Amino acid sequence: LANKQLKLLLIGLGTVGQGLIRILLEKGSHLIETHGIEFKVVGVCTGSRGNLYHPEGLDLQTLYDSSLNREPFASDITERTTEWLIRNEDADIVVELSPTDLNDGQPAIGYCQAALESGKHVVSGNKGPAALAFTFLSELAKRQGLFFLNEATVLSGTSVFLFAQKSLAGLRINQIKGILNGSTNFILGQMELGHSYSDSIEMAKQLGYLEADPEGDIGGYDAQAKLAILSNILFETPIQLADVKRVGIADISREDVMAARAAGKRWKLIATLSRNGDHIQASVSPECLPEAHPLAQMNGTSNALTFSTDLLGDVTISGPGAGGVETGYAILTDLLIIHEGHNHELKSRTEGH
Ligand code: HSE
């Protein structure tokens, strides 16, 4: 089979965008060898540095080097707006990685809509569209025969949707419970080691774990949105963010976590989504767990999710929950799903199904 090419338009070049570019630089030839696919970045749109587009593709190394400084792009073409580029330029997939806004989800929802209306698949690592407009965008995608994929929004690079939809297919999931926010888990861990609350937040910021607005993590809003996304995608039941009870970690002191540790316990920010018939209950709240509890084992930015199922009982997955390359990997997972989808469609056509 001849190598195929899929053209990507990236919206946003922050931690995750840089992580994805690093992956494409490091794994590009491997992906061609193993999957027969080349992902070519043809454009990048940013809020503060301008927009770039070249139909033959941008040089990834130059783009990566330039993404490390915050200078405006030398060949900026901002006169062509992000939405104009999405609608009019030649790209197969729009990768939406602009900062999450959980109030109205904009401008990201508009970008996803523009991409789908103009015949482009969407891979989104942005929690706004998946939490606030999943039904609208996934129905639009379906009508257009396109993908709208969101693996990067929950558990970062650790596959949750692919896992639940493929490996747990046919089971009924009654409850999903776990640690969904990497930075607060990291911060609580630093405080256990004796670091102050503010120093721990600063460390998480330096390492690229926090949202653009850290209150999103600390206040539990990020975990709240992730529960809404899980309900949208896995329970196929939309819930409002306001219906998810939410308490963040701001009232947990260094003394609290150190005292708990000394008593063989650990404070964790726990997110729970349960369903009983059509009724969904969701909450985010700190819990003091015994050290032997599976969720108490999570260190650093690790996330974990326990699915309570009818036939298997509890199934737990865990892995990285934040970070540029880690989340960039989830984007790659979705890009490969689109590639496989294309292959499947091509195969069906040539075989006359
Ligand atoms: N700020 C998020 C977290 C990033 O800490 O979990 C990954 O969604």
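The values are calculated or read from the model by the stated rules, or taken from the named source; none is laboratory data. Given the structure is predicted, the values throughout are model-derived calculations rather than measurements. Note that each Cβ is placed from the backbone with ideal geometry, even for glycine, and that neighbours are counted across all protein chains shown. Surface accessibility is based on the protein's heavy atoms, side chains included, excluding ligands, DNA and RNA. Shrake-Rupley method; radii C 1.70, N 1.55, O 1.52, S 1.80 Å.
Worth a mention:
- Selection count, segment 307-332, where residues are in contact with a helix residue (DSSP H, G or I) (Cβ under 7 Å, 6 or more places away or on another chain), closer than 23 Å to Ile173 by Cα and open to solvent by less than 30 Å² (accessible area, probe 1.4 Å): 4
Here is a yes/no grid of residues against (1) open to solvent by less than 20 Å² (accessible area, probe 1.4 Å); (2) not hydrophobic (A, V, I, L, M, F, W, C):
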site: Val94; (1), (2): yes, no
site: Asn103; (1), (2): no, yes
site: Tyr111; (1), (2): no, yes
site: Glu117; (1), (2): no, yes
site: Leu132; (1), (2): no, no
site: Phe136; (1), (2): no, no
site: Glu139; (1), (2): no, yes
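- Put simply, of Thr316, Thr237, Thr272, Thr301 the only residue that is within 16 Å of the ligand (Cβ to nearest atom) and touching a Ser or Thr at 6+ places or on another chain (Cβ under 9 Å) is Thr301.
- The condition (being under 29 Å from Glu139 (Cα atoms) and either surrounded by 16 or more Cβ atoms within 10 Å (Cβ to Cβ) or small (Gly, Ala, Ser) (or both)) is satisfied by just one residue among Ile252, Ile201, Ile239: Ile239.
- Every residue from segment 200-217 that is in a helix (DSSP H, G or I), more than 8 Å from the ligand (Cβ to nearest atom) and within 21 Å of Leu132 (Cβ to Cβ): Glu215
- Taken as a whole, segment 258-270 holds at least one residue that is touching a His at 6+ places or on another chain (Cβ under 9 Å) and touching a residue at least 40 places away in the same chain (Cβ under 8 Å).
- Taking (1) more than 21 Å from Thr184 (Cβ to Cβ); (2) outside any helix (DSSP H, G or I); (3) not small (Gly, Ala, Ser) in turn, Val284 satisfies each apart from (1).
- Positions within segment 34-52 being modelled with pLDDT of 95 or more, surrounded by fewer than 19 Cβ atoms within 10 Å (Cβ to Cβ) and within 21 Å of Thr78 (Cβ to Cβ), in sequence order: none
- Taken together, the residues in segment 289-299 that are buried (at least 16 other Cβ atoms within 10 Å of the Cβ) and in contact with a helix residue (DSSP H, G or I) (Cβ under 8 Å, 6 or more places away or on another chain) amount to 2.
- Meets criteria (in contact (Cβ under 8 Å) with a residue 24 or more places away in the chain, closer than 14 Å to Ala304 by Cα and in a loop (DSSP other than H, G, I, E, B)) for Leu155: yes
- In segment 167-198, the residues that are open to solvent by 20 Å² or more (accessible area, probe 1.4 Å) and outside any helix (DSSP H, G or I): Ala169, Gly170, Leu171, Arg172, Asn174, Gln175, Lys177, Leu193, Gly194, His195, Ser196
- Residues in segment 142-196 that are of a type in the set (A, V, I, L, M) and more than 28 Å from His279 (Cα to Cα) were compared, and the one that is farthest from the ligand (Cβ to nearest atom) is Leu146.
- Here the strands (runs of 3 or more DSSP E) wholly within segment 32-150 that include at least 3 residues being over 20 Å from the mean Cα position of the chain (by Cα) are 37-45, 51-53.
- Qualifying residue in segment 334-341 (condition: modelled with pLDDT under 95, open to solvent by 70 Å² or more (accessible area, probe 1.4 Å) and either assigned to a helix (DSSP H, G or I) or within 16 Å of the ligand (Cβ to nearest atom) (or both)): yes
- Residues satisfying the stated conditions in segment 218-232, i.e. within 15 Å of the ligand (Cβ to nearest atom) and touching a residue at least 60 places away in the same chain (Cβ under 8 Å): Gly220, Tyr221, Asp222, Ala223, Gln224, Ala225, Lys226, Ala228, Ile229, Leu230
- Scanning segment 2-33 for residues that are touching a Phe, Trp or Tyr at 6+ places or on another chain (Cβ under 9 Å), under 26 Å from Arg87 (Cα atoms) and modelled with pLDDT of 95 or more yields a total of 11.
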